[in-house]
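**Student:** Take a look at the following structure, please.
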Amino acid sequence: MARFSWRKATLVAAVVPMLALSACSSTGGRTEEAGGAAGGGQVATTERMKVALITHAAPGDTFWDILRKGAEEAAAKDNVELLYTSDPEGGRQAQLIQQAIDQKVGGIAVTLAKPDALKDVLKKAADAGIPVVSLNSGADVWQQVGAFTHFGSDENLAGAAVGEKLSSLGAKRPICVIMEQGNVALDARCAGVKSKIPATENLFVQGTDMTQVSSTVTAKLQATPDADAIIGLGAPFTLTINKAVESLNLQDKVKVASFDMNGELAQAIIDGKVAFTVDQQPWLQGYGAVDALWQVKRGGIHVGGGLPVLTGPSIIDQAAAPDVLKFAKEGIR
């Protein structure tokens, strides 16, 4: 698999727990032998712990299913009750964090797509002595909100990787499709592309409405005859964008690229419909974040040493996709 890397990162093979609060909620963790957990073996003998995982996930985005699966696997191994909730609106995500504080959880793992909306309530968590890690979004701000480490990809560098790859393929006028306004991670991705291809243009769509995504992309492509590439910032959105490209018979003119991964996207790359994607390995983000919080309880261990733990980016093109497809079908890529 071709990899774009800018620094070495040390990942810790330990374990962590996660489960459910209110919104999207679920339960995890076991107290007996973890027959199906990765690596098998026995569940941790540490005292039962409650961890809240609070994301900005929007309905229908399969990325979050993968991230949550990693968190649940860590929880099952480490005798952790995982409280999972999500809301794409910053103010409501802050309310979910407050709920977790009120429940006196032993740790909080949180995405920081809209950090200004979360900083005050996360200070309350710190004041309550609750350890916090961030994941996925927030590579530039996690220290400011009191997290002791961050699990994710540097989104600006990931965008630069996409820009470099598209440039090598001859693209000069990409369109970068942002499906959630105000999300700092998505903005950073497109900024990274633009740093390598200055003519890159951003297009904002409503990610919660795939019909609107399709119609907006179609109209933009029709109005931009010199566009030669289009980038989706998540697998389901890229697949919708690709259908719009096909409906206009622009497959030979407009290259389709993506961020993130699922099984359908991996197959589209194998079939040559999508040129490549940049994977940030969300399963690893969920697993690592929960595990890091368990490590604090287990031995006062702080993963990362004051630095972020990088889970990507990794470029997956037609040559690499077949090796990834198996794991994508299992829901871990």
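**Student:** Please list, in order, the residues from region 201-243 whose amide nitrogen is less than 11 Å from a point placed 7 Å along the Cα→Cβ vector of Gln181.
**Tutor:** Under cut-off, by backbone N: 204-206.
**Student:** Then there's this: According to the square roots a ≥ b ≥ c of the eigenvalues of the Cα gyration tensor, what is the shape class of region 197-322, taking rounded for a/c under 1.5, prolate for a/b larger than b/c otherwise, and oblate for the remainder?
**Tutor:** It comes out prolate by the Cα gyration axes.
**Student:** Picking from Ser215, Ser168, Ser314, which is most flexible by a Gaussian network model of the chain using Cα springs under 10 Å?
**Tutor:** Residue with maximal mean-square fluctuation among Ser215, Ser168, Ser314: Ser168.
**Student:** Suppose all protein chains stay in the model; what accessible area per residue would a 1.4 Å probe give for the chain, in Å²?
**Tutor:** With the other protein chains kept in place, the chain gives 41 Å² per residue.
**Student:** Using only the Cα atoms of region 58-107, construct the convex hull and provide its projected area averaged over every direction, in square nanometres to one decimal.
**Tutor:** 3.8 nm²
**Student:** Report the calculated FRET efficiency for Ala199 and Asp120 (r = Cβ-Cβ distance, R0 = 41 Å), to the nearest 0.05.
**Tutor:** 0.55
**Student:** While we're on this one: Report, for the chain, the % of DSSP beta bridges that are antiparallel, rounded to 5.
**Tutor:** 10 percent
**Student:** Then there's this: How long are the semi-axes of the ellipsoid equivalent to region 104-173, from square roots of 5 times the Cα gyration tensor eigenvalues, in whole Å, largest first?
**Tutor:** 34, 10, 8
**Student:** Can you give the three extents of the C-alpha atoms in region 267-333 along their principal axes, from longest to shortest, in whole Å?
**Tutor:** Computed over the Cα atoms, the extents are 48, 23, 13 Å.
**Student:** Would you mind checking which residues have amide H under 5 Å from Leu203's amide H? H placed 1.01 Å from N; only 5 or more apart, or other chain.
**Tutor:** So Leu203 has HN proximity to Cys176, Val177, Ile178.
**Student:** Counting only the heavy atoms of the protein chains, how much of Asp209 is accessible to a 1.4 Å probe, in Å² to the nearest 10?
**Tutor:** Only protein atoms counted, so the area is about 70 Å².
**Student:** Further, regarding this structure: Would you list Glu180, Glu164 from the most to the least accessible area, probe 1.4 Å?
**Tutor:** I get Glu164, Glu180, largest accessible area first.
**Student:** Determine Rg/Rh for region 67-207; Rg is computed over alpha-carbon atoms and Rh is the Kirkwood hydrodynamic estimate from the same atoms.
**Tutor:** Value, to two decimals: 1.05.
**Student:** With the full set of protein chains in place, find how many percent of the accessible area of region 108-220 is carbon and sulfur; take the probe as 1.4 Å.
**Tutor:** The computed percentage sits at 50.
**Student:** How large is the convex hull of the Cα atoms of region 182-239 per residue, expressed in Å³ as a whole number?
**Tutor:** Here the figure is 88 Å³ per residue.
**Student:** What residue among Ser137, Ser214, Ser153 shows peak mean-square fluctuation when the chain is described by a Gaussian network model with Cα springs under 10 Å?
**Tutor:** Largest GNM mean-square fluctuation: Ser214.
**Student:** Leaving out ligands, DNA and RNA, and with a 1.4 Å probe, what % of the accessible surface on region 234-296 is carbon or sulfur?
**Tutor:** 46 percent
**Student:** Once the whole set of protein chains is in place, how much accessible area is left on Asp140, using a 1.4 Å probe, in Å² to the nearest 10?
**Tutor:** 130 Å²
**Student:** Determine the principal axes of the Cα atoms in the chain, then give the extent along each, sorted from largest to smallest and rounded to whole angstroms.
**Tutor:** 61, 39, 35
**Student:** Mind listing P(r) for region 33-122? All alpha-carbon pairs, 5 Å bins, whole percents.
**Tutor:** 3, 14, 23, 20, 18, 12, 7, 3, 0
The values are calculated or read from the model by the stated rules, or taken from the named source; none is laboratory data. Keep in mind that this is a model prediction, so the values were computed, not measured. We place every Cβ from the backbone using ideal geometry, glycine too, and count neighbours over all the protein chains shown. These accessible areas exclude ligands, DNA and RNA; they are computed on the full protein's heavy atoms, side chains included. Shrake-Rupley method; radii C 1.70, N 1.55, O 1.52, S 1.80 Å.
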